[in-house]
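Step one of this worksheet: look at the structure below.
Values in this text are rule-based calculations from the coordinates and carry no lab data. Just so you know, these numbers come straight off a predicted model, no measurement behind them. Virtual Cβ from ideal backbone geometry, glycine too; neighbours counted across all protein chains shown.
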Amino acid sequence: MPKEDPKERLDRELIELLNELRVALPGVQVLFAFLLTVPFSDRFKELTEPQRDVYFAAFLCTAVSSVCLMAPTAYHRIRFRQADKEHMLRSANILAIVGIAFLALAVSLAVFVVTDLLFHGAAAGIATGFVAAALIVIWFGLPISRRIADEEN
C-alpha cells in the first residue's frame, strides 16, 4: 500500500470515525427510545424510589452519550471546509470515548433497573456487575491493554 500523505491520512481517519459512530449510534438511540417510553408504562408505578433514581441516572447517561456521539457530526458540519480536520478528529475521538463510557454506564444502570424489578436484591447486583465488568473488559480493557503492549514494543 502506498504511503499516505497527511491529507489522505486525515480523510481516512475521518471516514473511520464516522463509520464507528454509525455503529454506536443505533445502540444509543434504541436504549434512549426504550428509556423514553418506560415512564409511560403501567409497571413504572411499581418502581421503588431507588429504582426510579437509577432509572433516571440511566436516562441521563444515555442522553449524555447521545450528545457526545453526535457531536462530531455537528462539529464537522459547522467547521466544514475551514481546514480544521486535525483538531476536529482529536476532539471527536475524545467525545466518542466519553460517549461510549456513558453508554456503558447507561447500559449497566438499565440492566440494574430491569433485573431489580424482575428479581429484586442480589440478582440485580450480580447481573449489573457481570454486565459492567464485561463492558469494561471488552470495550476498554482489551484496547487499552493492546495499546500498552504496542507502546512497550
Exercise. Which loop trypsin sites (Lys or Arg not before Pro) in the stretch 61-153, with loop taken from DSSP, have no more than 10 other Cβ atoms within 10 angstrom of their Cβ?
Worked result: 81
Exercise. Among the GluC sites (Glu not before Pro) within the stretch 1-94, which fall in a DSSP loop and have no more than 14 other Cβ atoms within 10 Å of their own Cβ?
Worked result: 4
Exercise. Farthest toward the dipole's positive end in the stretch 80-153, which of 153, 119, 98, given Cβ charges of +1 (Lys, Arg) and -1 (Asp, Glu) about the Cα centre?
Worked result: 98
For this session: Report the normalised scattering of the stretch 1-151 as log10 I(q)/I(0) at q = 0.10, 0.14 Å⁻¹, calculated by the Debye formula with identical scatterers on the alpha carbons.
Result: -0.46, -0.78
For this session: Using the charge dipole of the chain (Lys, Arg: +1 at Cβ; Asp, Glu: -1 at Cβ; taken about the Cα centre), state which of 39, 130, 10 has its Cα farthest towards the positive end.
Result: 10
Exercise. Using the alpha-carbon centroid of each, what span in Å lies between the stretch 31-53 and the stretch 72-88?
Worked result: 38 Å
Problem set entry | Size of charge dipole - the chain - debye, nearest 20, with Cβ of Lys, Arg +1 and Asp, Glu -1, no other charges | 380 debye
